[in-house]
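**Student:** One structure coming up, written as structure tokens, with questions to follow.
The values are calculated or read from the model by the stated rules, or taken from the named source; none is laboratory data. Not measured: the values here are computed from a predicted model. Every residue, glycine as well, gets a Cβ built from its backbone with ideal geometry; the counts of neighbours run over all protein chains shown. The protein model used for the area step is the full one, side chains on, heavy atoms only, and it has no ligands, DNA or RNA in it. Shrake-Rupley method; radii C 1.70, N 1.55, O 1.52, S 1.80 Å.
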Amino acid sequence: MGNRAARLDDLRGLASTQDGQFATTQALQRGCSRDALRALRARGEIIGVRLGVWRFRVAPGEPDPAVTAFLACWPHAVISHASAARHHGLRRVAVPAKPTVTVPHGIRRSPAGISVHQSRDLPTADIVTVGGVRYTSLARTVVDLADPTDLWETLAVLDDAVAAGANPRWLHRRAAALADGRAVIAVLRDATHPRAASVFRSWLERAAAHVYRAATLPAPEWNVKLRDQFGTIGIVDALWTQWRVISEKEGLRFHTSPRQRRDDARRFNRLRDARYDPRRFTWEDVVHRPVEVAATIMRALRAAGADLDPARIPRRITLPDRPFV
């Protein structure tokens, strides 16, 4: 009797690290018989989540579908792709219609309602374990989510991952190891290279130029060196000289050091003191809110005396699918 109670306590402890859930196979491995599971269910202590997966009734909230999927494919599965992204806090990535897991190549698992990927290369370096649940690492998740049809969004997800704590150098190493001829992952590899900042800044400038043209704004001058009474302020990205309006773009966040951010703040203040009207936009702004960017510049130009009709800004501005080639 004591051994049975100990085994049940062990199962409860495991489930507490898995959203209150456990797989039948896990229980059997811990010496809990099917009769013991039926007794737990009869007492109302556990409920069936899906075939082969149970949950202790005292667990708070609704069952986590990703953990359920992980247990339905236990012991081979790792929570991955969009399901892992949600775990890592990448809120840009939508909740998947089906929970997603990855299993080693050759493992045949296809439970209903679960998206199962296979991988020949899933080393332990690409897996993080939280309690009893395994997820792809943040770096591997970014690589898995790389979308060849949307490089802009792929880079935005990458940028969010770095902001969430992913190390750019580690991202670079993992993308380099996994690229294997896949162009979209090569973009991640190149983006995270320590010397890639200037390349991606030029990409962002090209995107901004497209936005200004689409909004029928006057063409600015690009990369203009400005001075004040103390000397050179710096080179600004885009300048509408007649109206002294400036548009500055902030590239991918991980290509900007704390010192650079401090220098940019000082430069911004010097530009204001020199009676320029600087406006700053992030990669996120240009890529995902181009109409808002155009409207902001339009308002600044009109305030400075430009005769422009705000009604000419289109309701939608779409960036080229592949602006970098």
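**Student:** Roughly how big is the chain's charge dipole about its Cα centre, with Cβ charges of +1 (Lys, Arg) and -1 (Asp, Glu), in debye to the nearest 20?
**Tutor:** Dipole magnitude for the chain comes out near 480 debye.
**Student:** Kindly give the semi-axes, whole Å and largest first, of the ellipsoid equivalent to the chain, taking each as the square root of 5 times a Cα gyration tensor eigenvalue.
**Tutor:** The answer is 53, 19, 18 Å, longest axis first.
**Student:** Normalising by the residue count of the chain, find the relative contact order in percent from Cα pairs under 8 Å and 6+ residues apart.
**Tutor:** Worked out over the chain, it gives 11 percent.
**Student:** Right, another one. When all alpha-carbon pairs of region 175-263 are counted, what percent fall beyond 20 Å?
**Tutor:** Summing the P(r) tail past 20 Å for region 175-263 gives 50 percent.
**Student:** Now a separate question. Per DSSP H run of n ≥ 4, the term is -39500 (n - 2.57); total these for the chain, divide by its residue number, and report the mean residue ellipticity at 222 nm rounded to 500 deg cm²/dmol.
**Tutor:** -13000 deg cm²/dmol
**Student:** Something else: Percent of Cα-Cα pairs more than 21 Å apart in region 52-144, please.
**Tutor:** Of the Cα pairs, 26 percent sit more than 21 Å apart.
**Student:** Over region 18-89, with every protein chain in place, what whole percent of the accessible area is carbon and sulfur at 1.4 Å, could you tell me?
**Tutor:** 54
**Student:** Between region 266-287 and region 43-89, how many Å separate their Cα centres?
**Tutor:** Taking the Cα centre of region 43-89 as reference, the centre of region 266-287 is 47 Å away.
**Student:** Just the Cα atoms of region 244-316: what Rg and Dmax do they give in Å?
**Tutor:** Over region 244-316's Cα set, Rg and Dmax evaluate to 13.9, 40 Å.
**Student:** Follow-up question, since we're still on this one. Going by average Cβ density within 10 Å per residue, which order do the peptides 171-180, 229-238, 8-17 take, highest to lowest?
**Tutor:** Top of the packing list down: 171-180, 8-17, 229-238.
**Student:** Next question. Using a 1.4 angstrom probe on the protein heavy atoms only, line up Trp74, Trp222 by accessible area, largest first.
**Tutor:** Trp222, Trp74
**Student:** With point charges of +1 on the Cβ of Lys and Arg and -1 on the Cβ of Asp and Glu, referenced to the Cα centre of the chain, which listed residue (Ala197, Ala238, Thr25) lies farthest in the positive direction of the dipole?
**Tutor:** Thr25
**Student:** Considering the Cα trace of region 31-89, what is its radius of gyration and what is Dmax, both in angstroms?
**Tutor:** For region 31-89, the Cα radius of gyration and maximum Cα-Cα distance read 13.4, 40 Å.
**Student:** Which value, in debye to the nearest 20, gives the size of the charge dipole of region 186-287 about its Cα centre, when Lys and Arg are +1 and Asp and Glu are -1 at the Cβ?
**Tutor:** That gives a dipole near 280 debye.
**Student:** Using the C-alpha atoms of region 1-108, what convex hull volume per residue, in cubic angstrom, is computed?
**Tutor:** 112
**Student:** Here's another thing I want to ask about it. For region 198-308, report the accessible area per residue in Å² (1.4 Å probe, heavy atoms, rounded to an integer).
**Tutor:** 53
**Student:** Something else about it: What number in nm² do you get for region 195-237 if you take the convex hull of its Cα atoms and divide its surface by four?
**Tutor:** Computed as one quarter of the Cα hull surface, the answer is 3.9 nm².
**Student:** Same structure, new question: Round to a whole angstrom and tell me the spacing of the C-alpha centers of region 1-38 and region 171-240.
**Tutor:** 55
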